[in-house]
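Chemist: Here you go, one structure.
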Amino acid sequence: MSDLAIETRSLYKHYRSLHAVDGLDMSVPRGSIYGFMGRNGAGKTTTIRMLAGLTHQTSGDIKILGLDPRTDRTQLLDRTGFVVDKMLLPSMTGDDLVRFNRGFFPRWSDALATKYADVLEIPMKQKFRKLSTGSQTKLCLLLALAQGAELLILDEPTAGLDPVVTDQLLRVLVDDFANEGRTLFLSSHHLSEVERVADWIGIIDQGKLLLEAPLDDVRSGFRRIRVIGEDLSLSRGEIFRTKKGEGATEYILRANAEAFIAELRSQGAAILDVAPMNLSEVFLEVVGKGEKHVPVEILA
């Protein structure tokens, strides 16, 4: 059995001249909470629709729990929960949808369905089409969580939810799902939410995966360093970006800050500031204004 819950290799999806996904190589470890991040239009939803088998790739390979979404769809749906397109039978109530879905999943839990209806405050007796956007999202999540899946794939699950329910949902996802050793793949542009729950991240832009690494490695590796010095000779691979200003130079480093600082000092540079970077800052540096589209390697 592979150690990866999701694996894509040289994955492409083209719509005429638009390269929505452009050579995506992604590896999602089993048992991880993987935050899949990108700006609007970066390729997140197209990638998830291919993972769910709702659209087929132009070329490349996808494996989910060792299965191919194109040929193993029935087995895949039995073991994987998806919240992608929030389109359910509009005339059914939440209670109707629980009864309807129960028979399709051998690991279905009525107890979990009841629990999440209460925790997420879902009006289960209202028809789906009459629910608010947030309640529709919560009902879709309830159905996915209650089926007992090994892998849960969510596309912007907190869209339309207020802060209180968002907090409740994130607690459920971590405590009741991921802590049992199951895998959560979470697509979002809410970076603070990703940073709160994820242990792996992937950053996509213009269909390319620019960064994929354990979140702890990103936190411990990236540093912003400001120095004063002239004629500095630095060719270290750890430098992600260099910005020269009046009287000082700023380096964005992706690893090995202590060794880099020692090298600067050996050349007579004065260190003005060394600051860690949060996920939002790293995201902005990696994606920037679309100027950089090469993968960022996190160095050990």
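Chemist: Once you order the gyration tensor axes a ≥ b ≥ c over the Cα atoms, which shape class does segment 208-251 get: rounded for a/c under 1.5, otherwise prolate or oblate by comparing a/b with b/c? Walk me through the numbers on the way to the answer.
Modeler: Details: a/c = 2.51, a/b = 2.24, b/c = 1.12.
It is prolate, given that a/c is not under 1.5 and a/b is the larger ratio.
Chemist: How large is the accessible surface per residue of segment 1-87, computed with a 1.4 Å probe and reported in Å² as a whole number?
Modeler: Values: 4000 Å² over 87 residues.
Accessible area per residue: 46 Å².
Chemist: Follow-up. If you average the sequence gap of Cα pairs under 8 Å that are 6 or more apart and divide by the length of segment 24-109, what percent do you get for the contact order?
Modeler: Value for segment 24-109: 17 percent.
Chemist: So with the 1.4 Å probe, I'd like the accessible area per residue for segment 240-287, rounded to whole Å².
Modeler: Result: 51 Å² of accessible area for each residue.
Chemist: With the cut-off at 1.5 for a/c, could you classify segment 127-177 from its C-alpha gyration tensor as rounded, prolate or oblate? Please report the intermediate quantities before stating the final value.
Modeler: On the way: a/c = 2.09, a/b = 1.29, b/c = 1.62.
Judged from the Cα gyration tensor, segment 127-177 comes out oblate (a/c at least 1.5, b/c at or above a/b).
Chemist: Kindly provide the pair-distance distribution of the chain built from C-alpha pairs, with 10 Å bins from 0 and whole-percent values in order of increasing distance.
Modeler: 6, 25, 29, 21, 11, 5, 2, 0
Chemist: Please list the radius of gyration and Dmax for segment 84-212, considering alpha-carbon atoms only, with Å as the unit.
Modeler: 14.9, 44
Chemist: Can you send over the carbon and sulfur percentage of the accessible area for the chain, probe radius 1.4 Å, protein chains only?
Modeler: Ligands and nucleic acids excluded, carbon and sulfur give 48 percent.
Chemist: Using just the helices of the chain, give the 222 nm mean residue ellipticity in deg cm²/dmol: DSSP H runs with n ≥ 4 each add -39,500 (n - 2.57), and the total is spread over all residues, rounded to 500. Mind dumping the intermediate values first?
Modeler: Details: 10 runs with 91 residues, N = 300.
Value at 222 nm, helices only, nearest 500: -8500 deg cm²/dmol.
Chemist: Quick check on packing: order 213-225, 67-79 by the mean number of other C-beta atoms within 10 Å, highest mean leading.
Modeler: 213-225, 67-79
Chemist: Over 20 Å between Cα atoms, which of 44/208; 63/208; 13/44; 13/63; 44/130 qualify?
Modeler: 44/130
Chemist: If you roll a 1.4 Å probe over the heavy atoms of the protein chains, what accessible area per residue do you get for segment 122-187, in Å²?
Modeler: Values: 2330 Å² over 66 residues.
It amounts to 35 Å² per residue over segment 122-187.
Chemist: Using +1 at the C-beta of Lys and Arg and -1 at the C-beta of Asp and Glu, which of 97, 62, 137 has the Cα lying farthest in the positive direction of the dipole of the chain?
Modeler: 97
Chemist: What do you get for GluC sites (Glu not before Pro) in segment 185-282 restricted to DSSP loop and a cutoff of at most 10 other Cβ within 10 Å of the site's Cβ?
Modeler: Within segment 185-282, the qualifying GluC sites (Glu not before Pro) (loop, at most 10 other Cβ atoms within 10 Å) are 230, 246.
The values are calculated or read from the model by the stated rules, or taken from the named source; none is laboratory data. Predicted model, so just to flag it, every value in this text is computed and none were measured. All Cβ positions, glycine included, derive from the backbone under ideal geometry; neighbour counts span all protein chains shown. The area values use the complete protein model at the heavy-atom level, side chains included, leaving out ligands, DNA and RNA. Shrake-Rupley method; radii C 1.70, N 1.55, O 1.52, S 1.80 Å.
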